[in-house]
1. Whether any residue in segment 245-257 is modelled with pLDDT of 90 or more and among the hydroxyl-bearing types (Ser, Thr, Tyr) is what I want to check.
2. If Gly177 satisfies all but one of (1) loosely packed, with under 14 Cβ neighbours inside 10 Å; (2) under 30 Å from Ser65 (Cβ atoms); (3) touching a strand residue (DSSP E or B) at 6+ places or on another chain (Cβ under 7 Å), what's the number of the condition it fails?
3. Could you pull out the residue among Ser304, Ser324 that is in contact (Cβ under 8 Å) with a residue 24 or more places away in the chain, among the hydroxyl-bearing types (Ser, Thr, Tyr) and not in a strand (DSSP E or B)?
4. Let me confirm something: among Ser70, Ser65, Ser105, Ser97, which residue is assigned to a helix (DSSP H, G or I), in contact with a Leu (Cβ under 7 Å, 6 or more places away or on another chain) and among the hydroxyl-bearing types (Ser, Thr, Tyr)?
5. Being closer than 30 Å to Leu159 by Cβ and touching a His at 6+ places or on another chain (Cβ under 9 Å) narrows it down to one of Leu63, Leu98, so name that one.
6. Taking the options Ile204, Ile183, Ile155, Ile197, name whichever one is in a helix (DSSP H, G or I), on the phi < 0 side of the Ramachandran plot and in contact (Cβ under 8 Å) with a residue 24 or more places away in the chain.
7. Starting from residues that are among the polar types (S, T, N, Q), touching a helix residue (DSSP H, G or I) at 6+ places or on another chain (Cβ under 8 Å) and more than 15 Å from Asp202 (Cβ to Cβ), keep the ones in segment 215-268 and report whichever is surrounded by the most Cβ atoms within 10 Å (Cβ to Cβ).
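The values are calculated or read from the model by the stated rules, or taken from the named source; none is laboratory data. Every value quoted in this text rests on a predicted model; they were computed, and no experiment measured them. Reconstructed Cβ throughout: ideal geometry from the backbone, glycine too, with neighbour counts over all protein chains shown.
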Amino acid sequence: MYRSINCRLIKPLLIGVILLFGCEQQPHLVEQRILQFGTVIDVSLVHHDLAKAEQALIEIEQLLSAYRASWHAWEDSELSRFNLALGNSGAVTVPASLLELITLSQRYYLISNRLFNPALGKLIAAYGFHGQADLDEDLIKIIQQDLPTMADLEIQNRLAISRNPHLQLDFGGIAKGYAVGLIASHLDRQGFEHYLINAGGDLITSGNRLGKAWRIGVKNPFEPGAIASIGLLGKQALFTSGNYQRFYRNKNETVHHIIDPRSGEPSKHISSATVLTSDPVLADVAATTLMIDGLNNYRSLAGSLGIEDYMIIDDQQRITISGSLAGKIELAAGLVVTIVE
């Protein structure tokens, strides 16, 4: 049975549909590269309002400059002045910009079995990782005899009291996570749903990239290129810590910047550790901690920190990956891989 259709009724409807789609604004992908914290920070924003996205990039660069002025470990900053005052007097008022970082650091120091220890700034400097300073072997030996910890720093109503003369704070294992988390919160408040903030391979994503997953590579610690890739959708943080990031050779040995707080020496056996979670601060801390003691204790550390998705690559190029992450990540061919549940 056939029915006739009144075309005079359909035409206005079609015109309305065409006008509706014609008024829709297409999303723009806006990207910018910023140099801060000694690393390249790539910011990608997806938004239909191009002017709003460009303004947000300006604000992000301003925020990063402010963070650097507060947290830089050896150039003039609130942190370097705080460390100097604390070393001279043993007690000093904590600047507001440092208070939450100190609180978070003390918390993660405890739940990481005391492996996450930002109190080792003076020792890191003695190894030559604060600017262009040279290796100071005599100072290293002195500090190693009485290694400072976050337990040596007491906060009483914003008054910081140090119980170890070698205590200096260096937030290198948490600052990037904290910074990208703050920027993500800023973008959320501004109404941005889709973005990527990539601070030298440590990153946070939100939403998607023009309808597709944010495609991320994980650096190979032994040669140029990626050892794995992963597609991320929604709010996720992927952080990697590695001995290839800052290092030098001394007496035929490689000296890198991730210090084992138990020995006061650069960590051994692990070349890189990657963590995927929703919290960039936790991801940053966990990747650093797994670098220090992830060879045999990764299950215990992951459980203490509450992470499920992690990958550890040892100095023999063997990969240990959690079953949860193994189902999400694509590894390069020809690798020796152990999947653990």
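1. Step one: of segment 245-257, the residues modelled with pLDDT of 90 or more are none.
So far as segment 245-257 goes, no, none of its residues is modelled with pLDDT of 90 or more and among the hydroxyl-bearing types (Ser, Thr, Tyr).
2. (1)
3. Working: Ser324 fails: in contact (Cβ under 8 Å) with a residue 24 or more places away in the chain.
That would be Ser304, the only listed residue that is in contact (Cβ under 8 Å) with a residue 24 or more places away in the chain, among the hydroxyl-bearing types (Ser, Thr, Tyr) and not in a strand (DSSP E or B).
4. Answer to the selection: Ser70.
5. On the way: Leu98 fails: touching a His at 6+ places or on another chain (Cβ under 9 Å).
Result of the check over Leu63, Leu98: Leu63.
6. Numbers: Ile204 fails: in a helix (DSSP H, G or I); Ile155 fails: in a helix (DSSP H, G or I); Ile197 fails: in a helix (DSSP H, G or I).
The unique qualifying residue is Ile183.
7. Quick first cut of segment 215-268, residues among the polar types (S, T, N, Q) only: 220, 229, 236, 240-241, 243, 245, 250, 252, 254, 263, 267.
Going one step further and asking which of them are touching a helix residue (DSSP H, G or I) at 6+ places or on another chain (Cβ under 8 Å), we end up with 240-241, 243, 263, 267.
Keeping just the survivors that are more than 15 Å from Asp202 (Cβ to Cβ) gives 243, 263, 267.
Working: Asn243: 22, Ser263: 12, Ser267: 25.
The extreme case among them is Ser267.
Residues checked against (1) in contact with a strand residue (DSSP E or B) (Cβ under 9 Å, 6 or more places away or on another chain); (2) surrounded by fewer than 14 Cβ atoms within 10 Å (Cβ to Cβ); (3) in the same structural domain as Tyr195 (by TED's automatic domain parsing):
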{"site": "Val40", "(1), (2), (3)": "yes, yes, yes"}
{"site": "Val43", "(1), (2), (3)": "yes, no, yes"}
{"site": "Glu54", "(1), (2), (3)": "yes, no, yes"}
{"site": "Leu64", "(1), (2), (3)": "yes, no, yes"}
{"site": "Asn88", "(1), (2), (3)": "no, yes, no"}
{"site": "Ser97", "(1), (2), (3)": "no, no, no"}
{"site": "Ile102", "(1), (2), (3)": "yes, no, no"}
